[in-house]
Structure formats: structure tokens, C-alpha cells
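First up is the structure itself, then whatever we jot down about it.
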Amino acid sequence: MKKLMTVIVWTMTTTALLVSAALAGTTLTYANFPPAQTFPCVQMEHWKAEVEKRTEGKISVQTFPGSTLLGPKNMLRGVQTGQADIGCISLPYYPGVFPAMSAVNLPVAFTSTEVASLTMWDLFTKYQPSEFDDVKVLTMFTSAPSQVMSKIAIKQLSDLKGVELRASGSILKILGGLDAQGVGMPMSQTPEALQKGVVKGLVSSFDVLKDMNFAETCRFETITNLPVYPFAIIMNKARWETLPTDVKKVLDDMGREQAQWTGHYLDNYTNEALAWGKQKYQVEVFTLTDAEHDEIKTKSAGLVESWKTAAAKAGLDAETILADMLAMKAKHEA
Ligand code: 3IO
């Protein structure tokens with residue numbers, strides 16, 4: 001009798017759990033590599049809230065910031081194999097994997113994150129490059145133009161000589177051309193490298209002065225306006241295919257809007273973070289002369305050529321993609 005009761009209670013409980021799970025709809029896991037307060041995670045929480053609202057609870061999103069589910073380097077593979085449903089990748093962490101969209105990381109003088117993010121999204125939707133064929137792309141965006149944040153003062157371009165700076169992608173090559181010592185690693189490993197003295201600073205956007213508290217150790221900031229880092233939000237393709245049509249439409253409709261929202265957010269936030277650093281840590285900001293900016297441009301010109309060569313090798317019409325990207329950039333800047 002007691003045994004029968006146990007079975008009945010167990011069955012009822014299990015049924016109740018299954019029913020509530022079905023009513024609650026689908027939960028999607030979303031992995032991110034940097035800490036929760038950084039902009040890739042801020043945009044993730046914004047996206048989660050919008051998706052849950054617009055699908056009226058059909059979709060719940062469970063977010064995993066700070067490499068708690070997948071890290072910077074296993075993110076792509078982890079989403080492809082379904083360890084996470086959704087993930088955030090910084091494209092420069094995967095050299096050679098994204099020959100088309102890495103164009104956004106070239107020194108083409110983006111001055112606005114909103115413009116760069118919209119340009120990236122429009123370029124992606126127009127060309128649908130095969131490099132993303134095995135995932136579903138939900139949105140794309142970029143970091144803000146990259147600046148030098150360092151423990152030692154870089155007052156002029158020549159002060160970069162021999163200085164170890166953390167970066168990734170095309171910025172590493174630009175640093176090489178300027179006789180600095182670029183050290184490639186993801187953002188999430190940078191605090192330890194700075195602390196151990198492996199690097200004397202980093203090249204990224206000013207949001208991290210506040211969000212990673214780099215203003216505390218990197219008291220000197222130099223406005224260099226180096227390239228933006230392109231990001232993509234990708235979803236496991238098989239998982240995408242299981243979603244109902246109306247949910248797919250909600251997510252598709254959010255792609256461009258999310259790119260713009262993130263760019264706009266970061267444009268404002270980088271100013272706020274720099275002001276915060278000045279106030280809290282009295283960080284000093286140095287600017288370069290026009291001649292020095294010209295020197296950066298001249299010394300980085302070869303990068304565009306090597307991108308074209310690599311893109312052509314990957315079977316892409318490099319000239320057309322680049323010209324189109326510059327036209328989109330100009331259109332969004334107007
Ligand atoms: C970045 C990456 C992670 C968190 C905050 C961030 N702000 C700017 C970036 C770009 C960058 O340096 C990178 O490595 O993707």
C-alpha cells in the first residue's frame with residue numbers, strides 16, 4: 001500500500017513538472033566569455049528581455065556570462081556542437097576562420113560604433129558569407145574604436161617602441177608595424193596578464209576602463225582610433241530549426257535592431273567610462289598629432305592588401321566586398 005502511494009505521488013509530481021515545463025516553453029542557453037558588466041553581456045541581457053517579451057514567454061533565455069558555460073576560444077565549437085544554444089564570439093580570436101567578415105577589423109577609420117555595427121550587419125546580410133554556414137547568425141556588432149590603455153605614458157607614437165600590449169586580430173599587426181610588442185589573447189585573460197606584468201597595457205575600447213576596472217592599473221590612455229573588434233552572436237543550427245516559425249520571425253526581426261542598439265549603447269558608454277576613469281583614478285589622456293595619425297595610416301596600409309589576398313584565396317570577391325563596406329560606412333555616416 002505504502003509502495004503504491006509512493007508510485008502515485010511520484011507519477012503526479014513528474015507529470016506536474018513535465019506539464020509546467022511544456023507551458024513554460026523553450027529555454028535557450030546563451031554563453032558569453034567576458035564578465036557580466038561588460039558590453040557584450042549588457043547587450044545579451046537586453047536581447048534576453050526583448051525576446052522573452054516579444055515571444056510572450058514562449059522562449060526563456062538562460063544567460064551564462066564570464067565563461068561559466070563556454071570560454072573565448074571554445075565558444076564557436078561549443079555552439080556548433082550544441083554545448084550552448086547561443087554564444088558570443090569575437091571574430092579576431094579565430095584567425096583565418098572568417099575571411100569575409102574580418103574586413104570589419106581592418107583600419108578603415110570607423111569613428112562610431114553604431115556605424116560600424118550597422119555596416120557589419122548590412123555587409124553580412126548582403127553577402128551571407130559561407131564562413132557562417134554551419135551556424136545561425138542572430139546579430140553582429142563591434143567594439144568602439146580601439147585606444148591604448150597602459151601603465152606607462154604613451155605620449156607620442158615613438159613611445160610605443162618595445163612596449164608589450166595585449167590585442168587581437170589586425171591590431172596586433174598594426175602594433176608590429178609601429179614597433180610595439182603586440183601580445184595576442186582574449187579580453188577575459190587580460191586582467192591576469194596585466195597583473196603578472198606580461199603586458200604593460202592593452203588596445204581595446206574605453207568601456208573596459210570601467211567594466212574591467214583597467215583604469216586602476218592603466219592610468220595612461222592614448223587616443224589612437226585603431227580598428228574595432230567585430231563580434232557575432234551565433235546559434236546552434238539544429239536547435240534553430242526546432243523553433244516555431246513565429247519565434248524565428250521575432251529573432252530574425254531583432255538582428256539589425258540589436259546591432260544598432262549595441263552600437264548606440266557603446267558609443268555613449270565609452271565616453272562615460274573615460275569620464276569615470278578621470279574622476280576615480282585621475283587617468284591622463286594623450287592625443288596624437290595629425291602627422292602621427294597619418295603615420296599609423298601609412299604603416300597599416302599593407303593590412304588591407306593582405307586581407308584582400310587572404311579573402312581572394314578563400315574564393316571571395318575581395319575588391320567588391322571592401323568597396324561595398326566602405327560605401328555602407330559612408331552611407332551610415334551621412
Ligand atoms: C571587448 C571584449 C570583451 C569585453 C569588453 C570589450 N570591450 C571591447 C572589446 C573588444 C576586445 O578587445 C576584444 O578582445 O574583443
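The values are calculated or read from the model by the stated rules, or taken from the named source; none is laboratory data. Computed from a predicted model, the values in this text were never measured in an experiment. Heads up, the Cβs are rebuilt from the backbone with ideal geometry, glycines too, and the neighbour counts pull from every protein chain shown. Note: accessible area is taken over every heavy atom of the protein model, side chains too, but ligands, DNA and RNA are not part of it. Shrake-Rupley method; radii C 1.70, N 1.55, O 1.52, S 1.80 Å.
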| remark: Out of (1) open to solvent by less than 60 Å² (accessible area, probe 1.4 Å); (2) outside any loop (DSSP other than H, G, I, E, B); (3) within 11 Å of the ligand (Cβ to nearest atom), the one Val247 does not meet is (3)
| query | Tell me, which residue of the range 232-244 that is surrounded by fewer than 20 Cβ atoms within 10 Å (Cβ to Cβ) and touching a strand residue (DSSP E or B) at 6+ places or on another chain (Cβ under 6 Å) is nearest to Ser90 (Cα to Cα)? | reply | Lys237
| note | Going through (1) modelled with pLDDT under 95; (2) within 15 Å of the ligand (Cβ to nearest atom) one by one, Leu18 fails only at (2)
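Looking only at the range 232-244, how many residues end up being assigned to a strand (DSSP E or B) and away from the ligand (no atom under 14 Å from the Cβ)?
Residues in the range 232-244 being assigned to a strand (DSSP E or B) and away from the ligand (no atom under 14 Å from the Cβ): 3 in total.
Specify which of the listed residues (Asp133, Asp122, Asp85) is without any contact (Cβ under 8 Å) to a residue 24 or more places away in the chain and more than 24 Å from Ala301 (Cβ to Cβ). Quick ask: steps written out before the conclusion?
Working: Asp122 fails: without any contact (Cβ under 8 Å) to a residue 24 or more places away in the chain; Asp85 fails: without any contact (Cβ under 8 Å) to a residue 24 or more places away in the chain.
Within the list Asp133, Asp122, Asp85, the selection yields Asp133.
One line per residue, one yes/no per condition, for (1) farther than 20 Å from Ala238 by Cα; (2) within 12 Å of the ligand (Cβ to nearest atom); (3) in contact with a Ser or Thr (Cβ under 8 Å, 6 or more places away or on another chain):
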| site | (1), (2), (3) |
| --- | --- |
| Leu70 | no, no, no |
| Ala103 | yes, no, no |
| Glu114 | yes, no, no |
| Ile171 | yes, yes, yes |
| Leu178 | yes, no, no |
| task | Quick one: Thr139 ticks every box in (1) of a type in the set (Ser, Thr, Tyr); (2) within 16 Å of the chain's Cα centre (by Cα); (3) open to solvent by 10 Å² or more (accessible area, probe 1.4 Å) except a single one, so which number is it? | result | (3)
| task | Can you tell me which residue among Lys126, Lys155 is in a helix (DSSP H, G or I) and open to solvent by 40 Å² or more (accessible area, probe 1.4 Å)? | result | Lys126
| Matching residues, the range 272-307, being open to solvent by 50 Å² or more (accessible area, probe 1.4 Å) and among the hydroxyl-bearing types (Ser, Thr, Tyr) | Thr287, Thr289, Thr298, Ser306
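Go through Ser146, Ser150 for me and flag whichever is within 12 Å of the ligand (Cβ to nearest atom), within 18 Å of Val283 (Cβ to Cβ) and not hydrophobic (A, V, I, L, M, F, W, C).
Working: Ser150 fails: within 12 Å of the ligand (Cβ to nearest atom).
One residue alone meets the criteria, Ser146.
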| Could you count how many residues in the range 183-231 are within 17 Å of Gln282 (Cα to Cα), of a type in the set (S, T, N, Q) and either open to solvent by less than 30 Å² (accessible area, probe 1.4 Å) or outside any loop (DSSP other than H, G, I, E, B) (or both)? | 2
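For the range 72-92, how many residues meet the condition of being within 12 Å of the ligand (Cβ to nearest atom) and surrounded by fewer than 20 Cβ atoms within 10 Å (Cβ to Cβ)? Even if it seems obvious, please write down each step before you answer.
In the first step, residues of the range 72-92 are kept if they are within 12 Å of the ligand (Cβ to nearest atom); the result is 72-73, 75, 88-92.
Imposing the further condition that a residue be surrounded by fewer than 20 Cβ atoms within 10 Å (Cβ to Cβ) reduces the set to 73.
The number of residues fulfilling the criteria is 1.
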| Does Ser60 satisfy the criteria of being more than 30 Å from Ile321 (Cβ to Cβ) and in a loop (DSSP other than H, G, I, E, B)? | no
